[in-house]
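Here's the structure we're looking at; comments come further down.
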Amino acid sequence: MLKTTRWATLAALLMVAAAAAVTPLVSQAQGQPAPAATPAPATAPAPVAAPAAAPVPTTAPASKTNGAKGTEVVENPYGLDALWRGSDWVAKATLVILAIMSIGSWYIIVTKVYEQFKLGREARVAEKSFWSAPSVKQGADGLKEGSPFRFIAESGLEAQSKHTGLLGNINLSDWVSASIQRAIDNVASRLGDGLAFLATVGSTAPFVGLFGTVWGIYHALTAIGIAGQASIDRVAGPVGEALIMTAIGLAVAVPAVLGYNWLIRRNKRAMEDVRAFGADLHAVLMSAKSQAGKA
């Protein structure tokens, strides 16, 4: 019995020793897949390396940007520059005429507005100082040299003093009134200088631009016929350049017409003050003459 127990114990020890020896091998076998799986994630970052090539697109837009900058000058090859370089002397002369019309119109508008402003200022000065003077002569001397109101006052005084000889046969009132009226008409004529140019530009500039358009289209169609190609890129450019002439003509005519109408209205208001001054001056001169005759 004891001997059997010893063999059983020995067998148990052997089994425990065998289990202890096999356990590390099993754990090692189970741990081996883990190192085998690690290379797979190690290869996974390989696609991540693709963003490393991202700097390449940054250079590509740079080249496009540079290309865009390089072509900014020729972005619209059918503009005014192309029209001037590709046109003949007739089209260039038409453009020069339209430019002269535009410059002349704006010059007249600006100068006339300044003259009207100065006339209104001189009217206010005459209203304050002239009628408070002791005599017409002193009142005229108190006005600024070159003032239209001083010119009218001196014309009335001159007519009053030169009522002699054959002129003495004319009624003094009629003679002085006619002299003052001539001075007023002279002022109105100076205010109206240049308005005829504005009217001419406003009525003819569109037709000048239309002439340039017709001439440009004629040459464009001739060139297309010689080339034998009627594609849209061949037609759109030259015809578009020719149509620019019409747009320039309208751009010149519209300010001229608007400026003409505006200046005419302002001249009318300014001349109301001048005519009122002339009527009052005539009354004062006739009153002074009658009082001198009674004395």
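Numbers at a glance
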quantity: Inter-residue pairs, beta-carbon under 7 Å, first part of a helix (DSSP H, G or I) and in the range 190-211, second among the aromatic types (Phe, Trp, Tyr), 6+ apart; calculated: Leu195/Tyr260; Leu198/Tyr260; Ala199/Tyr260; Gly202/Tyr260
quantity: Some residue of the range 199-206 being among the β-branched types (Val, Ile, Thr) and at pLDDT below 90; calculated: no
quantity: Residue among Ile108, Ile103, Ile97 that alone is at pLDDT 90 or above, surrounded by 19 or more Cβ atoms within 10 Å (Cβ to Cβ), in the same structural domain as Val274 (by TED's automatic domain parsing) and over 15 Å from Pro148 (Cα atoms); calculated: Ile108
quantity: Of residues in the range 212-266 being at pLDDT 90 or above and among the aromatic types (Phe, Trp, Tyr), the one farthest from Asp193 (Cα to Cα); calculated: Trp262
quantity: Inter-residue pairs, beta-carbon under 8 Å, first closer than 14 Å to Trp175 by Cα and in the range 145-164, second surrounded by fewer than 17 Cβ atoms within 10 Å (Cβ to Cβ) and of a type in the set (Lys, Arg), 6+ apart; calculated: Ser155/Arg182; Leu157/Lys137; Gln160/Lys289
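The values are calculated or read from the model by the stated rules, or taken from the named source; none is laboratory data. Quick caveat: nothing in here was measured; it's all calculated off a predicted structure. No Cβ is skipped: glycine too gets one built from the backbone with ideal geometry, and neighbour counts run over all protein chains shown.
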